[in-house]
Amino acid sequence: MEFTWLSRWQPQLLAILRIVTGLLFLEHGLSKFFGFPVPFPVHPLPTLLVAAGVIECVAGLLITIGLFTRLAAFIASGEMAVAYWMMHFPKSPWPIANMGEVAILFCFVFLYLAAAGPGAWSIDGARTRNAPIR
């Protein structure tokens, strides 16, 4: 069975993936700094977690609204790769055992967004559409 009819919705589905992933990522940063929606279990935050929280808040917001999407997603992908190898992998090589599935998924979804761009409904897309023709 082919699902070629879904092709016409590709820009919108990419935008939904970008928005949902950006909001989920932003939630991690908000948790670290503001205890919202749930408090982060480690306080005071070590320097590395402060840096991670800043990346999560800034990149999460930029990705959600679709501004500088490719750059923000690339940086977020790198942060998640570092998080996996530093925090999860030393516990076990198996993601299910080291609880690193979320870091891996974020890493590769952000890498895809860095390559694919923001899709529909983004500030990046609006800036490109309204750019003067040269």
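Data overview
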{"read-out": "Any hit, the stretch 32-50, residues being in contact (Cβ under 8 Å) with a residue 12 or more places away in the chain, buried (at least 19 other Cβ atoms within 10 Å of the Cβ) and not charged (D, E, K, R)", "value": "no"}
{"read-out": "Whichever residue in the stretch 97-113 is part of a helix (DSSP H, G or I) and open to solvent by less than 40 Å² (accessible area, probe 1.4 Å) and, among such residues, is farthest from Gly78 (Cα to Cα)", "value": "Asn98"}
{"read-out": "Output for the stretch 1-54, where each listed residue is over 23 Å from Leu113 (Cβ atoms) and among the charged types (D, E, K, R)", "value": "Glu2"}
{"read-out": "Hey, Ile63 among the β-branched types (Val, Ile, Thr) and within 16 Å of His28 (Cα to Cα) or not", "value": "yes"}
{"read-out": "Among (1) over 18 Å from the mean Cα position of the chain (by Cα); (2) crowded, with 16+ Cβ neighbours inside 10 Å - the single one Ser92 does not satisfy", "value": "(2)"}
{"read-out": "Boolean, Leu14 is in contact (Cβ under 8 Å) with a residue 12 or more places away in the chain and within 19 Å of Phe74 (Cα to Cα)", "value": "yes"}
{"read-out": "Where Ala120 falls short, out of the listed (1) hydrophobic (A, V, I, L, M, F, W, C); (2) in contact with a Pro (Cβ under 8 Å, 6 or more places away or on another chain); (3) open to solvent by 30 Å² or more (accessible area, probe 1.4 Å)", "value": "(3)"}
{"read-out": "Qualifying position, being open to solvent by 70 Å² or more (accessible area, probe 1.4 Å) and at pLDDT 95 or above, among Ile75, Ile65, Ile55", "value": "Ile75"}
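The values are calculated or read from the model by the stated rules, or taken from the named source; none is laboratory data. Here the structure is a predicted model, which is why all the values come from computation and not from measurement. With ideal geometry, Cβ positions are generated from the backbone for all residues, glycine too; neighbour counts draw on all protein chains shown. Ligands, DNA and RNA are stripped out before the accessible areas are found, and what is left, the full protein with its side chains, is counted by its heavy atoms. Shrake-Rupley method; radii C 1.70, N 1.55, O 1.52, S 1.80 Å.
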